[in-house]
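The values are calculated or read from the model by the stated rules, or taken from the named source; none is laboratory data. Note that the structure is predicted; figures quoted are calculated from it, not measured. For neighbour counting, all protein chains shown are included, and Cβ atoms are generated from backbone atoms with ideal geometry for every residue, glycine included. Note: accessible area is taken over every heavy atom of the protein model, side chains too, but ligands, DNA and RNA are not part of it. Shrake-Rupley method; radii C 1.70, N 1.55, O 1.52, S 1.80 Å.
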Amino acid sequence: MAPKYFGVQGRVLSILQIALIVAPSFILFGYNQAGIAGLIHEEDWLKTFPEIDTVHSTGAEQSRKSTLQGFVVATFTIGALIGSLSCSYTGDKFGRRNVIFAAACCTLIGEILEASSFSLAQFIVGRVIVGLGIGQLSSIVPVWQSETSGAKNRGRHVVLDGLFICVGYVLESWINLGFFEFQHGPVTWRPPIAIAIFFSIILMASIYMFPESPRWLVMKNRSDKAKPIVAALRGMEVDSLQVQAEVSGIEHSLEETSKGGAKLRDVLRMGDDKLLYRFLLCILLQFFQQMSGSNLVSVYAPVIFQDNLNMSAEMSKVLTGGALTWKFLASFIAFFTIDRFGRRVVFIISGIGMSCCMIALAVATSFDKDNKPAMIAAGCFIYLYNTFVPIGFLGANFLYCTEVAPIRLRMAMSSISTGNHWLWNFVVVMITPVAINNIGYQYYIVYAVIAACIPISVFFFYPETMGRNLEEIDLMFRESPSVFATVRFAKTRPVAMPQEFISEKAQKPDHEEEGIEA
């Protein structure tokens, strides 16, 4: 008999997993990432942190302070970069749940430090600690989701990450607007930061009520504990054929990938597993996610509307709230298409749309700020851009990286590629205030060109993974004749049934198994 968690199993357990772990994790992601840019013009904020007051300064002083301001906002990503990279070790060493709990503790401590800050140094420390926790969550939670989800709905489960990031953005923008109406005092910025504490507490209180990743347990030679968990996640009996087949598939994949003693350095080698190819797919995908303008619009929307489009502070906050709310609604497009049309289609459509919108935004902002029709057009293209981003690059990018990695290197490849995500995130957040002040519309052209490279790269190098379980995807890469033929091979290779892994294992010669054990 399969164990129950919260007294339930199967689909209901998956829904609870999404509600109590995935949702707060990625709401924290969006809320904390976007939260500060909307506060940097508040009256009491400027009094508390005069070192980054760009409102009451001009010339060289304003340029210096805008650079420091960008750095303060970007310290979050420094912590996130460290946190995501740390998961390459901690995720496999201590397990998925333990790292999620530690990450939630980091976000809680950092949020308390931020909300109670009376000096810029304290605020920066809190910002880094929050980033440390968010970096770990952004790396470990998608892996845990992929490893506990079935092949049929894995895409929907993980693409929800992007939807909840949008929820965080939306909450942050409207909460900031609400407290902005007080006009004066610490109430305009301290409570908006402190509200995130609620989600950190939910995450800490819930994580140990859910099962550990069965794939991690198999990797730690604890298959006896993995089988009941697979049964509970699928809503089946422990001795059912489907459960036995899934666990056997995990064991088979683990044996195949560990023959050479898989090490972190192996991601830089090609070999039969094509590990370098898979690793580069992950790295490039996360680069595209940041350098096509997604974070630019999400984090600096208030700055774009106020400084770049010359709108009032209140109107900027209203339009930002509307833009991010629209982005949240557009996230449902990916939810309904990711497991119907596949990963390649959503990436290609998203890339084309983002590139076109960035070109249009560059043209609209090239006119003088007094040209009202041009500024209205620019605002419309920001909204349209927020339609295309979540289709492929607000969850699907995290999903794909966990799918193409073999089990022994999944945590390492996911954490390093997510670290690459945060590295470019830092670049965007750091340079945006300076770039908007100095080169204006030309800044958007950079993102337009990079986004245009997405459909080309995906078409030639990214094989489809929809409908295949994680072990079968691993087989697909190993059996493809070459890197350049993998996309074509994936289209023609039939989807393997889990039972095939049982038969393969049963047919394996005894001396071969002994050699593996040795």
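Kindly provide the Kirkwood hydrodynamic radius of segment 287-375 in Å, to one decimal, from all pairs of distinct alpha carbon atoms.
Taking the inverse mean of 1/r over all distinct Cα pairs, segment 287-375 comes out at 14.6 Å.
Taking every DSSP helix (H) stretch of at least 4 residues in the chain, weighting each as -39,500 (n - 2.57) and dividing the sum by the residue count yields a mean residue ellipticity at 222 nm of -24000 deg cm²/dmol. Relative contact order, whole percent, for the chain stands at 23, derived from Cα pairs under 8 Å and 6 or more residues apart.
Near THR48, once Lys and Arg are set to +1 and Asp and Glu to -1 for all other residues with Cβ below 13 Å from its Cβ, the sum equals -4.
Legend: distances between Cα atoms for LYS93/LYS317; LYS274/LYS327; LYS65/LYS372; LYS4/LYS491; LYS93/LYS491; LYS93/LYS327; pairs beyond 32 Å are LYS93/LYS317; LYS274/LYS327; LYS4/LYS491; LYS93/LYS491; LYS93/LYS327.
The length gained by stretching the chain between LEU329 and GLU479 to full extension, at 0.36 nm per residue less their Cα-Cα distance, is 50.0 nm.
Our analysis of segment 377-425 gives Rg over Rh at 1.17, with the two radii drawn from alpha carbon positions and Rh computed by the Kirkwood formula. Model label points for LEU46 and SER119, set 7 angstrom from Cα along the Cα-to-Cβ axis, are 2.5 nm apart. Quick one: what does P(r) look like for segment 331-480 with 5 Å bins over all Cα pairs, in whole %? Going out from 0 Å in 5 Å bins, segment 331-480 shows 2, 9, 14, 18, 19, 14, 10, 7, 4, 2, 1, 0 percent.
At an R0 of 45 angstrom, the distance between the Cβ atoms of ILE15 and HIS56 translates into a FRET efficiency of 0.35. Averaging 1/r over every pair of different alpha carbons in the chain and inverting the result gives a Kirkwood radius of 23.5 Å. Karplus-based coupling profile of segment 210-221, in residue order and whole Hz: 10, x, 6, 5, x, 5, 5, 5, 5, 4, 8, 6, with θ = phi - 60° in 6.51 cos²θ - 1.76 cosθ + 1.60 and x standing for Gly or Pro. With Cα atoms as the point set, the radius of gyration and Dmax of segment 1-95 evaluate to 20.9, 72 Å. For segment 85-181, build the charge dipole from Cβ charges (+1 Lys, Arg; -1 Asp, Glu) around the Cα centre, then report which of VAL125, GLY178, VAL141 sits farthest towards its positive end. Checking the options against the dipole of segment 85-181, the answer is VAL141. Using the Karplus relation 6.51 cos²θ - 1.76 cosθ + 1.60 with θ = phi - 60°, the per-residue 3J(HN,Hα) values for segment 223-232 come to 4, 4, 8, 6, 4, x, 5, 4, 4, 5 Hz, with x marking Gly and Pro.
Karplus-derived 3J(HN,Hα) values for segment 471-477, using 6.51 cos²θ - 1.76 cosθ + 1.60 with θ = phi - 60°, are 5, 6, 5, 4, 4, 4, 5 Hz; glycine and proline are entered as x.
With a simple spin-label model that places each label point 7 Å from the Cα along the Cα-to-Cβ direction, the separation between PHE459 and PHE489 comes to 2.3 nm. Ligands, DNA and RNA left out, the accessible area of the chain computed with a 1.4 Å probe is 66% carbon and sulfur.
For segment 325-426, with the dipole built from +1 on Lys and Arg beta-carbon atoms and -1 on Asp and Glu ones, taken about the Cα centre, which of PRO373, THR325, ASN397 lies farthest toward the positive end? Most positive-ward Cα: ASN397.
Here segment 436-457 and segment 1-77 have alpha carbon centers that stand 24 Å from each other.
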